[in-house]
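Here the structure comes first, spelled out in structure tokens, and everything after it is commentary.
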Amino acid sequence: MTHETAMTIPVEIVPATWPDFESLMGERGGCGGCWCMLWRRTAKQMAAGKGDGNRRAMKALFDRGEGPGLVARAGADTVGWIQIDRRSAFHRLATSRVLKPVDDQDVWSVSCFYIDKRYRRGGLSVDLLNAAVDRAATCGATIVEGYPVDTPKEKYPAVYAWTGFLGTFRKAGFTEVARRSETRPIMRKYLGGSGLDVSGAG
């Protein structure tokens, strides 16, 4: 999939490799040494692994060939990332008061986005999300779920919106199925007519 940004540089979305991912995360490991491991580890594990520990844990996923996400490339630069995997891979979802599972269906979850600041507000997040849905579908997914921020603020710090914004999911054809917090809906996209409509659940 390709995407044209305001910078007129063609952007290609492809399965992530470790060098791509590492270059985008930078020395800080994304947001404060998270390395996108927040939902895969317990709070204790995250605190103990902040920085290099989380980096090594994520690299182990790549080394096993599990390919936990997609990246957007603009020429030689990696400018965007989206993580998607089976919901069961994100252990902390099961214990979250707000984002705990709606039901016991086999769901794939979009856990986070990370986009280079030069490429924000240009539609790249929607393209990454659509590409992630396509990837999940090729892996047999019938339901894809996301947990965006729904805020009335016109300007919202991107560092706090790593799960994406509500508008992004709506543009990609997701619908709300639960909301246990005013600003944190659970969004789903059913693939191939699968599943039941559970709007209002939770």
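Some observations on this one:
- Beta carbons closer than 7 Å, at least 6 apart along the sequence or on distinct chains, pair a first residue in segment 44-60 that is closer than 22 Å to Thr17 by Cα with a second that is of a type in the set (A, V, I, L, M) and surrounded by fewer than 19 Cβ atoms within 10 Å (Cβ to Cβ) for Gly49/Ala57.
- Of all residues in segment 22-35, one or more are surrounded by 21 or more Cβ atoms within 10 Å (Cβ to Cβ) and modelled with pLDDT under 90.
- For segment 43-68, filtering for residues that are assigned to a helix (DSSP H, G or I), under 20 Å from the mean Cα position of the chain (by Cα) and under 20 Å from Thr95 (Cβ atoms) leaves 4.
- Evaluated against (1) of a type in the set (D, E, K, R); (2) assigned to a helix (DSSP H, G or I); (3) at pLDDT 90 or above, Arg118 falls short on exactly one condition, (3).
- In segment 70-102, the qualifying residues are those that are in a loop (DSSP other than H, G, I, E, B) and of a type in the set (A, V, I, L, M), and the one that is surrounded by the most Cβ atoms within 10 Å (Cβ to Cβ) is Leu99.
- Cβ-Cβ contacts under 7 Å between residues 6 or more apart (or on different chains), taken from a first residue in segment 166-179 that is surrounded by fewer than 21 Cβ atoms within 10 Å (Cβ to Cβ) to a second residue that is in a helix (DSSP H, G or I) and aliphatic (A, V, I, L, M), are listed as Lys171/Val126.
The values are calculated or read from the model by the stated rules, or taken from the named source; none is laboratory data. All figures in this text were calculated on a predicted structure; none of them were measured in a lab. Every residue, glycine as well, gets a Cβ built from its backbone with ideal geometry; the counts of neighbours run over all protein chains shown.
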